[in-house]
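One structure below.
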Amino acid sequence: MELTEKDALTLSKLISKREVSSKEVVDAYLNRIEKVEPVIHAFINLSAELARKQALEIDEKLSRGEEAGRYAGVPIAIKDVLSTKSFHTTCASRMLENFIPIYDATAVRKVFNAGCVMIGKANMDEFAMGSSTENSYFGVTRNPWDTNRVPGGSSGGSAAAVAAREAPWALGSDTGGSIRQPAALCGIVGLKPTYGLVSRYGLVAFASSLDQVGPMTLNVKDCAALLGLIAGHDPLDSTSIPRTPDEYLSGLTGDVRGLKAGVVKEISGEGIDPDVLSCFYKGIGALEECGVHVEEVTLPSFEYALSAYYIIAPAEASSNLARFDGIRYGFRTECDCADIWEMYDRTRSEGFGGEVKRRIMLGTYALSAGYYEAYYAQAQKIRTLIIRDYNRAWDKFDVLLSPTSPTTAFKIGEKIDDPLTMYLSDICTIPVNLAGIPAISVPCGFSKGLPVGFQIMGPPLEEARILNVAYALEQSLNLDMRPPV
Amino acid sequence: MAISIEDVEHVAKLARIYLTEEEKEMFRKQLSDVLEHARVISEVDTSTVEPTSHAIPLSNVTREDEVRESLTVEEATKNAPWSDGGAFTVPKII
Amino acid sequence: MDFETIIGLEIHAELSTKSKMFCGCSTVFGGEPNTKTCPVCLGHPGTLPVANRKAIEYAILLGLALNCEIAERSIFHRKNYFYPDMPKNYQISQYDIPLSRNGFLEIDMGEYKRRVGIIRVHLEEDTGKSIHVGESGRIHGAERSLEDFNRAGIPLVEIVTEPDLRSPEEARNFMMELRAVLEYLGISDCKMEEGSLRCDANISVGVGGSRGTKVEIKNMNSFRALQRALSFEEKRQRDVLLKGGIVTQETRHWDEAAGITHALRTKEEAFDYRYFPEPDLVPIEPDPPWVEELRRSLPEMPAERLRRFISEYGLPKDIAKVLVYDKKLGNFYEETVRKGENPIEIAKWVAGDLAGLLNEASIDADLSPVRPGGVSELVHLVESGVISGRMAKDVLKEAFESGESPRQIVSRKGLSQIADSNEILAIVKQVIKENPQAVSDYLDGKEQALKYLMGQVMKLTRGKANPKMASEMLVEALKMRE
C-alpha cells in the first residue's frame, strides 16, 4: 500500500517507530502532488522546500531519540486563510498575492509544535466567501471524484487535497459550512468546533462571530486527533473558551447505544436532492442498527437562518475587510491617484474579486443608517431564536442530524452567476454557525458516483459525542472513499 | 426590496470601492435579490427577543497591563507597498 | 439683543497604562515612527484585540470620580470609517452601552458654582498620526502623508458633557477641573501639548431664550486655545445674528496662529459610522465587589482638597487653588507643612516664588531641586528673623539653581541679618552723627527724612540689618535728640 493511502495517525505511528522516515512520507506526498496537482489544483502555494527541510530535521531529532512532537513528521495542508509566519498567506485574493505574514496563527503554531510538516497552503474561495472554491483569484480547484465539478467551498482546496491524497489531513475554516460542505462534496470528514474551542488568532477574519478553524481528514479518528491538537484556550483570542478540551481520540468507542438523535425536518426534506436524502436515510438506518433512537424534530426558526446569515456574515465582513486599503500591506493600485480616497477606491476595486465586493456592499448596506434595525439587529434576534430552538431540542436529543449539503458536487460554472442559488447550498450548515455549536460531516454513501455527507450536530462543547456518533456511522457503513483520480 | 443606483453609489462610497456603471447595475440587481430574500426575517415577531452577538457567553476577558516587545521598523513596514523612513506613505488626504 | 451661549465639551484623555488598549506595545510618547507597533495595532490580517484590564479600571475610576452610574454590562462597538491613521479602518469604541453615564462635575467660578452634567464616559482606542509632507506642513496643500502608528491603540477615555456650560471661561474652568481630577486619579498624563488630553466643543448662541445652532470646534490644543477659540466663536456667532444672518451647523477648525475658526471642507467624507457590536471582544461586566474595590481606592479629589486646605491650613482660596490644581505642587506643599513651619507662610512661598521658578524651568514640583526641607528651612530663616523676605527670595532662587540648602547659602555668603542690638545701635548713632541736616528735618516734622536715615542704616549694613529692629532703634535715638 502506498504511503499516501494511509491516514495521518498511521503515518504518525510509522514515523515515530522509525519504520518510515518523515522524509520518505513527505517525498511520497510531493510525488503524489506532482502527479495530480495539475488536474486538481488544491494548492495556492506549495512549501516543498520547507517541508523537506522540516522532515529532515524531524528525522534527525528522532534518530537522536529526541522528542519531536505528538504527530512528528506528518504532512499537513493548511487553508490559505491561516497566517503562516514568513510564508505567503493570500486568502486566495489578489489583495494578498505577495503578502508574507510576520506571525503564525495559533492553530498553525500548535500543529507545528506537534511536529507536523506543512506541505502547502490550500486553495479556497477568496477570503472564505463562497461554496465552490470558484471565487479564488488563483483559479478553481477540481473535485477528485469528478474533475468537471467543484470541490465545494470555501475550504475546497483543503478538502480536495485530502480526498486526492495530496495531504493526509488539513486545516480548514468554517463560517457557514466552509469545512463541512466541501468535506461532504469530496467524501472526507470535516468538523466545525464549538465557537471558542479553537483559537481564531491568525485566522484572517471573514465573519468574526461565526468563524472557526477545524480539522479536515480522511476518517473520524484522524479528525479527533487533529481537533485535540488545535483545541484549547488561547489568551490572544478574547472569545476563546477558558477550559481544557476533552480527550477526543480516546473517547471514540463506537458505542452509541441508547443515544437519542433528532432528524431536523427543516433541513432534511424539502429543498434537498432526493438522491442525497435517500443516502442520508441509509445513514440513519445504520445508526439505528447501532442502537441510536432516531426521531424527527422540527426547529421552526431554521426557516430564517439563511437570511439572517446573509445579513450578519456580510456585515461583519464589510468591517473586517476594511483594513485592506493598500497602506500597511497587500496590493495597492498602480493608478496615479489624485488623493487617498481615489487610492482606496481603486485599490479595493482592483484587489477584491466580485463575490467579496458583493458581500462588502451587502454588509455595508445592512449596517448603514436607517437599515441597521431592520437587517442587522433583526438578524441578531433571529440568531437568538435559532439558539432557543436548539436548546429546546437538547432537552430531548443528544445529537441532531441532517444531510450536510442539499446536493452533491455541482458542475464548475453551474451556479457562479447566480449568487442566491449559490447561497442556498449552505442551508443545512448555517444554523450551526449562528448557534456556535459543533457539527461534523462524515461520508454516508454516494449519489451517482458522488459522495454524500451526513451532518451530526451536538450541544456546545460536545465534540466528543458527535465524533463518537460519526465514528459509529463510519465503522458501520465501512465505505470505500478512494476517488478515481 | 429594490435598491436604486444611488443606494449602490452611496454604499460603494462608504465601502470605498470604485465601481463601473456595469458593476453598479449588476450589484443593484443582485443586492435587491438577496435583500428581497432576506425580507422574510422582518416578518418574525422579535419584540421580546434579545439580539445575540456572541453565541457562547463569556465576559470580562482581559489581559494584564504588561509591555511586550514591539516589531522592528523593518518588520512593521516590510509588507508595505510604499514606505519612507519607517513610515507608511499615502497620497494626500485632502 | 439678549444672547445666551451654550457650550458642551467632548474630551479625550489618553490613559497612562504601560501598554496599549488591545496589545502589549508600549505607550511611551514619541520615538521613531512605527517602533511601538505589533501585528495587532497595525491591524494585520487575523489579529485580535484583548482588552487591557488596567484601562478598564482607570475608566471605571474616572466614572466614579465623576459621580457616574457604572454599567452592569458594557460592550465595545466598531465605529467604521476610512482614514489612513486608523489601521483597521474601524475604531474600537463604545456606543450605546458605555462603561459609565449620568454623572456630574462641579466647577467653582468664584461668585458662583456650576454643576456640569456628564452624559457618558467610555473607553476607546487612539488612532495613529499623519504627518503631512509638503511646503506648508499642514494637511491642506500637502503632497502626501506619512503614517506613524506608535499612538494607534493607546487607550482613550471619552468624556461627553451636557451642554451645561454658559461661557468660554466656564469651559476653561471645567477643563482645568477635569484635568485635576484625571491628575489626582493618576490615570492620565494630561498633556495637551503632547495630545494626551484633547478637547472638542459644541457651541451655540441663542437669542431671546431660543436655542442657537450648534457648531463644533476642533483643534484646540491648550487651555488658552480653548478659551480663545470659544470666545472668538461666541463673538462670530453673535455678529452673524446681529447682522440678521443664520449660523450654519458645521464643524470649524481653530487656527491658533491666526486666532480664528474656519469651516472644514468635507468633500470626500460620508458620515455613516455603521456602529455594530465588536464581535472580537466580549462584554465587560463590572461586578459590585470589583466596583467597590475601585471606589475604596479613590483618592482625595481636588475639590475636597481645596476645602481642606482652606479649613485645615487657613489658606486664602486663591493661594489654595494654585496648590490644589497642580497635584504635585499640592503634595510638595503638604510635605513641607509636615516639617512644622507656619502653613500660611509656606503656602505663600510654594505657590509664589517656588511655583514661578518651577514654571519658568518647566519642572514638575516632585522634581524640584529645592526639596520641601529646603523650603521649610527658608521659612524658618525668615520667621526667626535671620534673613529678610527680600533676601529670602534671592536665597530661594540660588538654592533652586545650585541645589544648595538655604542655610548653607546664608552662612556661606554671610547673609544673615544683623539682629544684634548693640551692633545696630552703633550704626544708628553713626548715621545720626553724619546726617545732621536730615536729623533736624525730621525733628522739624519732615517724616520723609526718617526714610532717608533708614536707608543710610541699611546702606552701611549692606542691607543686613533687621529692618524692624533698625527702624525702632532709629526712632528711639531720634526721640532722645528732641
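The values are calculated or read from the model by the stated rules, or taken from the named source; none is laboratory data. All of these numbers come straight from a predicted model, not from anything done at the bench. FYI the Cβ positions are ideal-geometry reconstructions off the backbone, even for glycines, and counts take in every protein chain you see. Ligands, DNA and RNA are excluded from the accessible area calculation, which covers all protein heavy atoms including side chains. Shrake-Rupley method; radii C 1.70, N 1.55, O 1.52, S 1.80 Å.
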Subset of the range C:309-321 that is of a type outside the set (Gly, Ala, Ser) and crowded, with 18+ Cβ neighbours inside 10 Å - its residue that is farthest from the chain's Cα centre (by Cα) | C:Tyr313
Taking A:Ile360, is it touching a residue at least 40 places away in the same chain (Cβ under 8 Å), at the interface with another protein chain (Cβ under 7 Å from one of its Cβ atoms) and open to solvent by less than 20 Å² (accessible area, probe 1.4 Å)?
-> yes
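Conditions tested, residue by residue: (1) over 16 Å from C:Pro84 (Cβ atoms); (2) modelled with pLDDT of 95 or more; (3) touching a helix residue (DSSP H, G or I) at 6+ places or on another chain (Cβ under 6 Å).
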residue	(1), (2), (3)
B:His54	yes, no, no
B:Ser59	yes, yes, no
B:Arg63	yes, yes, no
B:Ser70	yes, yes, no
B:Ser83	no, no, yes
Check B:Val73, B:Val90, B:Val49 and return the single one that is facing chain A (nearest Cβ under 8 Å) and surrounded by 17 or more Cβ atoms within 10 Å (Cβ to Cβ).
-> B:Val90
Residue match in the range A:59-78 (condition: within 14 Å of another protein chain (Cβ to nearest Cβ) and either open to solvent by less than 10 Å² (accessible area, probe 1.4 Å) or over 24 Å from A:Met1 (Cβ atoms) (or both)) | yes
Kindly establish whether C:Ile363 is more than 14 Å from chain A (Cβ to nearest Cβ), open to solvent by 50 Å² or more (accessible area, probe 1.4 Å), in a loop (DSSP other than H, G, I, E, B) and without any contact (Cβ under 8 Å) to a residue 60 or more places away in the chain.
-> yes
How many residues does the range A:464-482 hold that are surrounded by fewer than 21 Cβ atoms within 10 Å (Cβ to Cβ) and under 16 Å from A:Gly445 (Cβ atoms)?
-> 8
Within the range A:334-345, is there a residue that is in contact with a Lys or Arg (Cβ under 8 Å, 6 or more places away or on another chain), outside the structural domain of A:Ile427 (by TED's automatic domain parsing) and in contact (Cβ under 8 Å) with a residue 24 or more places away in the chain?
-> no
Just one of (1) more than 8 Å from every other protein chain (Cβ to nearest Cβ); (2) open to solvent by less than 60 Å² (accessible area, probe 1.4 Å); (3) among the acidic types (Asp, Glu) trips up B:Asp7, so point out which.
-> (1)
Condition broken by B:Ser32, with the remaining ones in (1) more than 8 Å from every other protein chain (Cβ to nearest Cβ); (2) open to solvent by 40 Å² or more (accessible area, probe 1.4 Å) satisfied | (2)
By residue number, the members of the range C:277-292 that are assigned to a helix (DSSP H, G or I) and loosely packed, with under 13 Cβ neighbours inside 10 Å are C:Pro288, C:Pro289, C:Glu292
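Identify, please: which residue in the range A:385-400 is within 24 Å of the chain's Cα centre (by Cα) and not acidic (Asp, Glu) and is, among those, surrounded by the fewest Cβ atoms within 10 Å (Cβ to Cβ)? Lay out the reasoning, then the answer.
The initial filter retains those residues of the range A:385-400 that are within 24 Å of the chain's Cα centre (by Cα), namely A:386-387, A:390, A:398-400.
Still in the running and not acidic (Asp, Glu): A:386-387, A:390, A:399-400.
Working: A:Ile386: 28, A:Ile387: 19, A:Tyr390: 26, A:Val399: 27, A:Leu400: 26.
Filtering the range A:385-400 for residues that are within 24 Å of the chain's Cα centre (by Cα) and not acidic (Asp, Glu), the one surrounded by the fewest Cβ atoms within 10 Å (Cβ to Cβ) comes out as A:Ile387.
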Given the residues C:Leu146, C:Leu123, which is the only one that is aliphatic (A, V, I, L, M), in contact (Cβ under 8 Å) with a residue 12 or more places away in the chain and within 12 Å of chain A (Cβ to nearest Cβ)?
-> C:Leu146
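Here is a yes/no grid of residues against (1) open to solvent by 20 Å² or more (accessible area, probe 1.4 Å); (2) within 12 Å of A:Leu185 (Cα to Cα); (3) over 13 Å from the mean Cα position of the chain (by Cα):
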| residue | (1), (2), (3) |
| --- | --- |
| A:Phe112 | yes, no, yes |
| A:Gly139 | yes, no, yes |
| A:Arg149 | yes, yes, yes |
| A:Gly153 | no, yes, no |
Taking the condition part of a loop (DSSP other than H, G, I, E, B) and either touching a strand residue (DSSP E or B) at 6+ places or on another chain (Cβ under 9 Å) or surrounded by fewer than 24 Cβ atoms within 10 Å (Cβ to Cβ) (or both), does A:Ile416 pass?
-> yes
For A:Ile312, all conditions in the list (1) more than 8 Å from chain B (Cβ to nearest Cβ); (2) open to solvent by 10 Å² or more (accessible area, probe 1.4 Å) hold save one; what is the number of the exception?
-> (2)
Qualifying residue in the range C:87-97 (condition: within 12 Å of chain A (Cβ to nearest Cβ), modelled with pLDDT under 95 and farther than 19 Å from C:Gly153 by Cβ) | yes
Matching residues in the range C:20-38 - criterion: being free of Cβ contacts under 8 Å to residues at least 40 places away in the same chain and either more than 29 Å from the chain's Cα centre (by Cα) or outside the structural domain of C:Glu147 (by TED's automatic domain parsing) (or both) = C:Gly24, C:Cys38
Within the bounds of the range A:401-417, is there any residue that is among the aliphatic types (A, V, I, L, M), touching an Asp or Glu at 6+ places or on another chain (Cβ under 7 Å) and away from every other protein chain (no Cβ under 14 Å)?
-> yes
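Let's see how each residue does on (1) open to solvent by 40 Å² or more (accessible area, probe 1.4 Å); (2) part of a helix (DSSP H, G or I):
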residue	(1), (2)
C:Leu156	no, no
C:Ile159	no, no
C:Ala180	no, yes
C:Glu216	yes, no
Scanning the range A:357-396 residue by residue, those among the hydrophobic types (A, V, I, L, M, F, W, C) and not in a helix (DSSP H, G or I) turn out to be A:Ala369
Among residues of the range C:454-476 being in contact (Cβ under 8 Å) with a residue 24 or more places away in the chain and among the hydrophobic types (A, V, I, L, M, F, W, C), the residue most open to solvent (accessible area, probe 1.4 Å) is C:Leu460
Within the range C:43-78, residues outside any loop (DSSP other than H, G, I, E, B), open to solvent by 20 Å² or more (accessible area, probe 1.4 Å), in contact with a strand residue (DSSP E or B) (Cβ under 6 Å, 6 or more places away or on another chain) and more than 7 Å from every other protein chain (Cβ to nearest Cβ) come out as C:Glu69, C:Ile70
Tell me which residues, restricted to the range A:192-225, are open to solvent by less than 10 Å² (accessible area, probe 1.4 Å), farther than 25 Å from A:Lys85 by Cβ and either among the β-branched types (Val, Ile, Thr) or part of a loop (DSSP other than H, G, I, E, B) (or both).
-> A:Thr194, A:Tyr195, A:Ser209, A:Leu210, A:Val220
Matching entry among A:Pro300, A:Pro403 (being open to solvent by 10 Å² or more (accessible area, probe 1.4 Å) and at pLDDT 95 or above) = A:Pro300
Name every residue in the range A:226-242 that is under 16 Å from A:Arg465 (Cβ atoms) and either of a type outside the set (Gly, Ala, Ser) or surrounded by fewer than 20 Cβ atoms within 10 Å (Cβ to Cβ) (or both), in order of residue number.
-> A:Leu227
